[in-house]
Structure formats: structure tokens, C-alpha cells
Amino acid sequence: MKIHHDLDITNRAAAALQIEALVAAHRPDRVVLELPTDGPSPATLSAMARAQRMCRSMDVAFAVTGADVHLPEGRDQAPARLDAGARRRR
């Protein structure tokens with residue numbers, strides 16, 4: 001799959017949903033996401049992270065090309081997250 005241009009807040013969710021729909025429909029063994037730049041926007045990284053989590057939950061291999069982005073390699077390294085939208089104080 002290829003993201004043709006950097007995403008912004010207005011199209012991030014739609015792109016993530018489209019990726020999820022394609023993976024759910026085709027059930028590939030591996031998903032390779034090609035990012036448009038070496039310095040993807042925060043919205044593009046957000047969509048990529050959502051796709052990575054979805055692939056992990058479906059036991060589908062996930063890789064990224066076109067950008068210098070480092071993802072955890074081990075499946076036991078879940079990304080940090082806040083529970084149910086709660087905000088934590090520092």
C-alpha cells in the first residue's frame with residue numbers, strides 16, 4: 001500500500017480506515033506501507049501506527065518503506081497508550 005502524500009488531521013482517519021478495510025478484505029500475510037517522504041507528518045505516523053496495531057492484532061506482518069521510521073520489532077513490545085481516552089497527569 002502506498003500513501004501518495006503526507007496526511008493531515010482531515011484525512012488521517014479515512015486513510016487508516018481504508019488500510020484496515022483492505023487488510024480485512026484480502027487477509028494478506030504481510031502489509032508493506034510505503035510512506036511519501038523521509039519526514040512523515042504526525043498525522044501520517046498516526047495512521048501508520050494504527051495500521052501497525054491492526055496488523056499485529058490480526059497476526060499480519062507489517063513493514064514500512066520510504067521513511068526513516070523505527071518501529072518495535074518484537075510483538076511483545078506493545079506501544080504505550082492511555083486507557084479509554086483518559087489523560088494522565090505528570
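Looking at segment 15-43, which of its residues are free of Cβ contacts under 8 Å to residues at least 24 places away in the same chain and over 21 Å from V60 (Cβ atoms)?
The answer is P42, and nothing else.
Take the residues in segment 12-24 that are within 13 Å of C55 (Cα to Cα) and among the small types (G, A, S), then tell me which one is modelled with the highest pLDDT.
Per the stated criteria, the residue is A21.
Looking only at segment 29-64, which residues are open to solvent by 40 Å² or more (accessible area, probe 1.4 Å), closer than 15 Å to K2 by Cβ and under 12 Å from the mean Cα position of the chain (by Cα)?
V32, E34, F62
For segment 45-69, which residues satisfy the criterion of being at pLDDT below 90 and part of a strand (DSSP E or B)?
Once the filter is applied, which keeps residues that are at pLDDT below 90 and part of a strand (DSSP E or B), segment 45-69 yields V64, T65.
What do you reckon, is V23 open to solvent by less than 80 Å² (accessible area, probe 1.4 Å), assigned to a strand (DSSP E or B) and among the aliphatic types (A, V, I, L, M)?
Working: open to solvent by less than 80 Å² (accessible area, probe 1.4 Å): yes; assigned to a strand (DSSP E or B): no; among the aliphatic types (A, V, I, L, M): yes.
So V23 fails the test.
Can you tell me how many residues in segment 1-20 are open to solvent by less than 60 Å² (accessible area, probe 1.4 Å) and out of contact with any helix residue (DSSP H, G or I) (no Cβ under 7 Å at 6 or more places or on another chain)?
2
Considering P28, P36, P40, which residue is assigned to a loop (DSSP other than H, G, I, E, B) and at pLDDT 90 or above? Let's see the steps before the verdict.
Numbers: P36 fails: at pLDDT 90 or above; P40 fails: at pLDDT 90 or above.
Every option except P28 fails the conditions.
The values are calculated or read from the model by the stated rules, or taken from the named source; none is laboratory data. Nothing here was measured: the structure is a model prediction, and the numbers come from that model. Neighbour counts run over all protein chains shown; Cβ positions are idealised from the backbone, glycine included. Side chains are part of the model used for accessible areas, which takes the heavy atoms of the whole protein and leaves out ligands, DNA and RNA. Shrake-Rupley method; radii C 1.70, N 1.55, O 1.52, S 1.80 Å.
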